[in-house]
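Some notes on the structure that comes next.
The values are calculated or read from the model by the stated rules, or taken from the named source; none is laboratory data. In this text, all values refer to a predicted model and were calculated from it rather than measured experimentally. Cβ placement follows ideal geometry from the backbone for every residue including glycine, while neighbour counts extend to all protein chains displayed. Each accessible area value is taken on the protein alone, full model and side chains, heavy atoms only, with ligands, DNA and RNA left out. Shrake-Rupley method; radii C 1.70, N 1.55, O 1.52, S 1.80 Å.
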Amino acid sequence: MACQVPVIGSHIGGLTTYIVNNLNGFFFETGNGNDLKEKIYYYLKLNNKTKVLISKNARITALNYDSKKVVESLIQTIKVL
């Protein structure tokens, strides 16, 4: 995402906290290789305007997880405790 590449991931772990289906990436059914293949084909068939928009959204998402922002958020959380 940091390189403006949308992520295709399954509904496991941390991916569910930052992938928004059809906004900055895509979800496929966990363990389903055929569904993964379908999501790859789906992305490849999108028009260029949509691909650019999803890529920009991926980059924006990645910036929200920049280490400086995450550290600052953690510090603020600890101060509240």
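So the values come out like this:
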quantity	calculated
Which of Gly33, Ile60, Ile19, positive extreme of dipole for the chain (C-beta unit charges)	Ile60
Tally of Lys pairs whose C-alpha atoms are under 30 Å apart, taken over the chain, 8 or more apart or cross-chain	15
Label-to-label distance, nm, for residues given as Glu72 and Glu29 (7 Å Cα→Cβ offset)	4.3
Relative contact order of the chain, defined on C-alpha pairs under 8 angstrom at six or more residues apart (%)	36
Compactness of segment 1-57 - radius of gyration and Dmax, Cα, Å	11.0, 30
Relative compactness, segment 26-81, computed as alpha-carbon Rg over 2.2 N^0.38 Å	1.69
Cut-off under 5 Å, modelled amide H: who pairs with Ile8 long-range	Phe26
Label point distance in nm, Val7-Asn48, each placed 7 Å from Cα along Cα→Cβ	2.8
Cut-off 13 Å between beta-carbons: net charge of the residues surrounding Glu29, Lys and Arg +1, Asp and Glu -1	0
Estimated FRET transfer efficiency when R0 is 25 angstrom, pair Arg59-Leu81 (beta carbons, to 0.05)	0.20
Per-residue SASA entry for Val71, accessible area with 1.4 Å probe, Å² rounded to 10	80
